[in-house]
Structures are given as C-alpha cells and as structure tokens.
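Laboratory data are not the source of any read-out in this text; all were calculated from the coordinates shown. Bear in mind the structure is a predicted one, so any value in this text is a computation, not a measurement. When we count neighbours, we look across all protein chains shown, and the Cβ atoms used for this are built from the backbone with ideal geometry, even at glycine.
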Amino acid sequence: MIRSTLFAIASLVATSAIADIPKVDVHKSIVRITTTAQEPDYRVPWNPGSISTGIGAGFVIDGNRILTNAHVVSNGRFMSVQRENDPRQYSGQVKFIAHDCDLAIVTISDPNFFKTMQPLHLGPLPTIQSGVDVYGYPIGGERLSVTQGIVSRIDFESYSHSGADSHLAVQIDAAINPGNSGGPVLQNGKVVGIAFQGYSGDVAQNVGFMIPTPVIQRFLADIASGHYNRYVDLSVTYENLTNASARRALGLPDDDTGVLVGSVESDACAAGKLQPGDVLLSIDGHRIISDQTVELDGENVDLAEIVERKLKGDKVKIGLLRNHQPMEIEIELEPNNSYLIQANVFDEYPRFVMFGGLVFQPLSKNLLEAFQTDDLRVRYFYNNFVNDEIYKDHPQVIILSNILPDPVNAYLAGFRYQIVDEINGHKIRTLADVANAFDQTSDFYTVKFIGANRPAVLQRTAVQEAKERIKENYGVRLERNLGEETLR
C-alpha cells in the first residue's frame, strides 16, 4: 500500500545543492530541545498516560525567547534545552503555545543561558525558486545539521499538528525526518521559515514544508498582549464564479472578479453581516479573484490569508454585491470555537464523568481516534457539527464512551457509544450538565440517549455500594475531570 500522509515531524533535510547562498553562523542562535511528554489516555481518562521522549530544535529571537514548533513541546512534562557546543542542559518552560499554527515560545529561567546567544531576525516571504538553508538536528547524528533547498510552492496547506487548521505554508524540495522540527530556515541571513512537516511514504519524495514569516509574525503579534487568542475566522464558505452564465445572472462583468457566499455560520463574527448569495468583490482593498484568491506579496493566495493575518478585535472591510446592489461592510473579527471538535487536543487531561461504572466524555477527535468507533450517529454528529450547526443544541456532544462492567450496570453494554440526551429529565448540553445531574439526590437516575428506544437506569443505593468496588477493581484514581486537571 502506498502511503503519503502529511504529518508533523522533527526534521527537515534537503538534498539539492544550492550555490552562492550567503553562509550564516547560527551556532550562537540555535538550540536542541529534548521533551519528555506524557500522552493522555482517552480510553482510561483517569490515568496519567504513557511517557515518551522527542527531540526538536529551536532558535533564539529578541527578548530572550526561543521559538520552536508547538508539536516539539506539546504534552511536555519536562524539557531540556542545549546550546550548540555546550554539554550543559538547561530546564525550559513553555511560555506561549499555539496549536492552531504549530508555534511555541520557550523560556529559560537561568539568566546565564542567553549571555552568549544571539537572536535571529525575521525576513520576508521567500520567492519561488529561491534557495534556503535549513538548520536542525535530524536523525543520523547528534550535531547541528545544515542543508539546502529550493522554494517550490507557496500555498495554503493543512497543518497536521492540529489536524483542523490550514494556513500559509512554503514547500521546498526537502525530505522530512525525525529530529529537528522547529529549526530555522534562513535566506540572506534572516529567518524565512520554520521546518515543521512533510509527507511520509513513497508518493512525495523530497517534499518538506516550513511555516513562513507571515504566520510567525502573526503569532508574535498575538502573544504581545500576554495571551494567545487563536486565529480569527469569518466562518464563511464560498463558491467559485468562473461560469459565464452564472456571472451574467448575478450582474457581473466578464472580468474574473468575485466569489459567491455559500453559507455563513450562525455563531460566526460574519453572521448578520454577510448572507448566502452575496458576491464578494474585494477584501481590505484587494480584488477577490473568481477562484477564491487575492494577490498578496506578489503571489495569488487564498483570500482567507487577508483575514489570517489579523488579530482578535481587528476589522476587515468587504466590498460586495447584494441583489445587484454594491455595498461595503465592516466586520470585527473573532475566533470560532465550533470547529475545535475536529482539532487535536493537547496539554490537558481528558475530560470525563464516571458514575456507576459508566464513563461519559465529550466527543472529540482524540476520543474518536482512541476508541475507533464506527457508530453512524456519532460519526454524523462529529462530521456535521459545524455544517449542520449541531453546536446550537449540543455545545458539547456527550458520549457514553465506556462501561466498567459491574453488577450495578449489568445489561447496559448496548448503550456504549450512544449520545446522551437527558438525565432525569434535564437536557444535557455539556459535560458539566452530566456532573450536575448526577449530583442531584434521586432514588433512580434515568439516562436517555438520542435515537434509543429505552433509557439506561441506575439505582442510587446500588451506585453508592459499587463506588469503591469499581474504583479498586479498575484502578480509578478520580471519578471526574471537568477541565480542572491540565498537563501544564
């Protein structure tokens, strides 16, 4: 079987030889990061999880900060940082982390660490066919590796760390190997990107990706407030307007300008501003081309890139045509939370409530990957959470994910992977609702599931009698985590 999965990695190694690229000594800027991580166990959410160790790279920027990839330090319990040609290991701490764009800032508490270090500075977006130098610690050795590559594409790409975000990325003719994610990519002595992911398998050889400086600059601007607010999003779908008949019907000239709004999420910042059927003509003064691109920095990029570079609270101006009438509107931008159900979760223990051996958890990508359930209703709620606006009635989709067999829950195995609707007549919208329902004193607890013909019923006295027995039999150290326990 041929595999070509896009994955976050720990190395970026180029194979092409590039001449006449200025050589920059980054020995006083780059660091080797070793992270001991603890991966949460969604199948046994009360357990701490398995421990693993990974190696990546980072580099010093202004303000005595180290910039690296989020996936290098995610779920970290301990982090050691080494300078090149220095055997001493320094303890590092994550100051800021952005899982949606795979970037993080690491600090060192020892003031002596930065005395001999020199910060690197950010450069512009590189041009197609220009050469770059890649630094890091790929497999095959312990010392710093320096290789070279050619920029072959600048485009929107899926960022595999979160699994749900796409941002600007730069492709170079380089293979990806474990060992040096977070290493700087230099051009003319300045950082033009950070190595972060590539393809596995035999389909795409010598293809690597780096996070370009517009994404890095946006991250640094976001954390300047002392808190990372995540990416903002209009949460609008578009349709190309390349068909001549469709353009004439909408009153558009034959100039390849404009895209059609297909849908607007009801909880999005664009709700009440944009409408399905609107034709978007410009965004912040940039002409919108009919294939959903705009010209920016000399390249045609996805029109979302205009919004991508803005921060929470910033505004964007959109020129549009509505019912053949030209209009201009302004939208204040905010992050959108509804899509997070399909994003990987890091740096926190799984959230759950256990009652009478029944384990309830919010539906998430991590949960689905842990249990590999093929229940059609669960898959529907997951896949259509945003498109069908399921979040309106279920901000969290609560699943009976597991049952710890005991006499108290006999004959309830058939309810596994069902979606909770009510408990004792109370609608369940979040995991906190589950906890509150079971905290209420009642002789019986009746749990109704969406689409099920009968409820699951637990008797209070039987649950109380079984509590310690279940905890001892299955090594349960706590019966609930509503978000209080995190890895950091």
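Points to keep in mind about this one:
- Residues with amide H under 5 Å from that of Tyr238, placed H, sequence gap 5 or more: Gly262
- For Asp284 and Glu348, the difference between the fully extended length at 0.36 nm per residue and the C-alpha to C-alpha distance is 19.3 nm.
- Length-normalised contact order for the chain - Cα pairs under 8 Å, 6+ apart - percent: 14
- Neighbour-count order for Arg88, Arg83, Arg309, Arg143, fewest beta carbons within 10 angstrom listed first: Arg143, Arg88, Arg309, Arg83
- Within-11-Å neighbourhood charge of Arg309 [Cβ basis; K, R +1; D, E -1]: -4
- Of interest is the spacing of the C-alpha centroids, which for the range 31-89 and the range 301-348 amounts to 32 Å.
- Amide H contacts of Val192 (H built 1.01 Å from N, under 5 Å, at least 5 apart or other chain): Gly123, Val185, Leu186, Gln187
- Calculated percent of Cα pairs over 46 Å apart (choose from (1) 12; (2) 24; (3) 21), label: (3)
- Of the three principal axes defined by the Cα atoms of the range 391-471, the extents in descending order read 38, 26, 22 Å.
- Built from the Cα atoms of the range 340-481, the convex hull projects on average onto 8.5 nm², one quarter of its surface area.
- Helical contribution to [θ] at 222 nm, DSSP H n ≥ 4, -39,500 (n - 2.57), averaged over the chain, rounded to 500: -3500 deg cm²/dmol
- The base-10 log of I(q)/I(0) for the range 236-332, evaluated at q = 0.16 Å⁻¹, reads -0.63 [Debye formula, identical scatterers on Cα atoms, solvent excluded].
- Thr293 long-range amide H proximity, modeled H, under 5 Å: Leu303
- Neighbour counts of C-beta atoms inside 10 Å place Lys315, Lys310 in the sequence Lys315, Lys310, starting with the fewest.
- Relative contact order (%) - criterion: Cα under 8 Å, at least six apart; region: the range 340-481: 27
- Derived scalar couplings between HN and Hα for the range 392-405 equal 4, 9, 9, x, 10, 8, 8, 10, 7, 7, 8, 9, 8, x Hz in order, rounded to whole Hz, by the Karplus curve 6.51 cos²θ - 1.76 cosθ + 1.60 (θ = phi - 60°), x for Gly and Pro.
- Projected label distance in nm at Ser166 and Thr441, using a 7 Å step from Cα toward the beta-carbon: 5.6
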